[in-house]
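The structure appears right after this line, and notes come after that.
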Amino acid sequence: MFLPSYRRAFTLATGSPTMGAMLISTVLDTPPPSHHRAGMLRALALAGLAAALLAPQPVSAADLLPHEASYVVRLGTSPSAPSVGTARQLLGKDCGVWRLERDVRTEIGFSASLRLTSESELRGVERDGTLFDYQLRRVQNGAEQTIAGRVSVAQNGTRADLILPSRPLSFTLPAGVVLPVSAFAFVIDALKRGDTSFSFMLYDAELTSDALQVDGGVAPADTLRPARPDGARLPEGTTWPVEIRFSRTGANARPLFTVTLLLHEGGVLDRLTINTGLLAASVDLVSFKPLPRPDCPTS
């Protein structure tokens, strides 16, 4: 049947890692990872911007720019593509921690009688690239789901402790999994060094509650969609056109989706295109506000 495939493709085309690495939640028709299967109801998936940036080894996020950014989500990539929702990302700095917030709200009409409304709210705190505490709230057509989690990274591996709607769940992930805020810093540091490609695993809190394999690099400038005339301008600084492929971990895993975007050296994103092969969605920056850094003691 075409509709489940359409839903799955649209989920991946409009949801986060990214930001994404951040877009729309719908029902995933593919099975969840093996350690999620027992007793678990159908998983709700959010693919998005949050799923868009990832990395392997804890790194310093000192050069990231605390900010709040708002986006418009469109179904398709043409200049006349219809708006189907909004997204917001906040990257805030407190003494000793980074705060990550992502909100996505969408409403999609598939037909006169079939309409999908989705909300996703992520609230996370990352400490030193080794600990990520988060809460995720998702609502699809009025049905609400919440997940709370703690992901801790050590040299010998990564541990995830989750509270799912049905039960608690703990599992281990390979060493080298990178947490969401550290991922921004890792990718940006690689690009500043002149690296043209990168490959790593990221803990994805929004789409899979699992690790995703990410392979990406610098893309030709003409890969990006043209800037929209009504969009906001990025702050001054270096930017890179980037293309990233997101896959489940494991041998011969096919990409779930690809993302092209313009990445600012402070971690601000713009001109995202998320493509599943069947569907594409575009995400454009509409407002940007820098946030203050705290005056923290040095000892």
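Counting alpha carbon pairs within less than 8 Å and at least 6 residues apart, what relative contact order, in whole percent, applies to the range 110-227? Value for the range 110-227: 15 percent.
Quick check on packing: order 221-230, 70-79 by the mean number of other C-beta atoms within 10 Å, highest mean leading.
On the way: 221-230: 12.0, 70-79: 18.0.
Most protected by this proxy first, the peptides run 70-79, 221-230.
Neighbour counts of other C-beta atoms within 10 Å: give me 238, 117 arranged from fewest to most. Intermediate results must be reported in sequence, preceding the final value.
Values: 238 11, 117 16.
Arranged by neighbour count, lowest to highest, 238, 117 become 238, 117.
For the range 195-299, applying the loop criterion from DSSP together with a ceiling of 12 other beta carbons within 10 Å to the trypsin sites (Lys or Arg not before Pro) yields 233. With a cut-off of at most 14 other beta carbons within 10 Å, and DSSP calling the residue loop, which GluC sites (Glu not before Pro) in the range 194-278 qualify? Please list them. Hits after loop and neighbour filter: 236.
Relative contact order for the range 194-287: what percent, with Cα pairs under 8 Å and sequence separation of 6 or more?
Working: 182 pairs, mean separation 21.4, N = 94.
Averaging sequence separation for qualifying contacts and normalising by length gives 23 percent for the range 194-287.
Which order do the peptides 122-133, 139-150 take when ranked by the mean count of other beta-carbon atoms within 10 Å per residue, highest first?
Working: 122-133: 18.5, 139-150: 14.3.
Packing proxy ranking, top to bottom: 122-133, 139-150.
Just so you know, all these numbers are worked out from the coordinates, no wet-lab data involved. The model shown is predicted, which means the values in this text are computed figures rather than measured ones. When we count neighbours, we look across all protein chains shown, and the Cβ atoms used for this are built from the backbone with ideal geometry, even at glycine.
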